[in-house]
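*Asks:* Pasting in a structure now, in structure tokens, and then I'll have a few things to ask.
The values are calculated or read from the model by the stated rules, or taken from the named source; none is laboratory data. Only a predicted model underlies this, so the values are computations on that prediction, with no experimental measurement involved. When we count neighbours, we look across all protein chains shown, and the Cβ atoms used for this are built from the backbone with ideal geometry, even at glycine.
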Amino acid sequence: MPDENHNENDQELVRLAQEGDTAAFDRLVVKFSPKLYGLVYTMTSNREDTHDLLQDIFAKAYRSIKKFRGKSAFYTWLYSIATNMTLNHLRKRKRRQTSSLDNLDSGIQNDPAVIDITHQANPRHQTNVNELQKKLNEALQTLSDDHRAVVTMFDIQGLRHAEIGKILNVSEGTVRSRLYYAHKQLQVHLSEFIH
């Protein structure tokens, strides 16, 4: 979750961007790009798609920023755009081709945008950690797009149930239900790593 002490700074940058200050919008892009990259990449497992989607997400946010009224935090609004655009992309991709686990980026376990627990691991455990990350990504890709979105936002991005509900426009109960179901599915896929 973005730092709480920057929220007032976000409001000022948003106000300036709404008045046409492109430098202020660029600062918002720089601030939120790493989190959004992690969100989109975890959902798509494809670097090219992620980079293309981020450009589209920020372009849409720039075009729509005057409509932002501040009823929620700016990052909640931005995450809503990112999540909806990513889910739409995944649905189109599924229609174009049956998604295969073979299409996953082989470099995901080395990508800095994904939670990096490997740099602290000693070399003896490096192979196991890389294998676990690969298996986790494969397991995530077996979830429905909606379930993967909730797991990504809660477990990887650290958002609260209420925030996820606002982003996805669903109740907190629906968020909790999807998380429960997704966690059960992930446990089945990762059972060999769970002792």
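*Asks:* Out of all the residues in the range 155-195, which are polar (S, T, N, Q) and on the phi > 0 side of the Ramachandran plot?
*Replies:* N169
*Asks:* Going by what's in this entry, would A17 be described as in a helix (DSSP H, G or I), in contact (Cβ under 8 Å) with a residue 12 or more places away in the chain and more than 13 Å from the chain's Cα centre (by Cα)?
*Replies:* Details: in a helix (DSSP H, G or I): yes; in contact (Cβ under 8 Å) with a residue 12 or more places away in the chain: yes; more than 13 Å from the chain's Cα centre (by Cα): yes.
Criteria met by A17.
*Asks:* Is it true that M43 is modelled with pLDDT of 85 or more, within 16 Å of the chain's Cα centre (by Cα) and surrounded by 19 or more Cβ atoms within 10 Å (Cβ to Cβ)?
*Replies:* Details: modelled with pLDDT of 85 or more: yes; within 16 Å of the chain's Cα centre (by Cα): yes; surrounded by 19 or more Cβ atoms within 10 Å (Cβ to Cβ): yes.
In short, yes.
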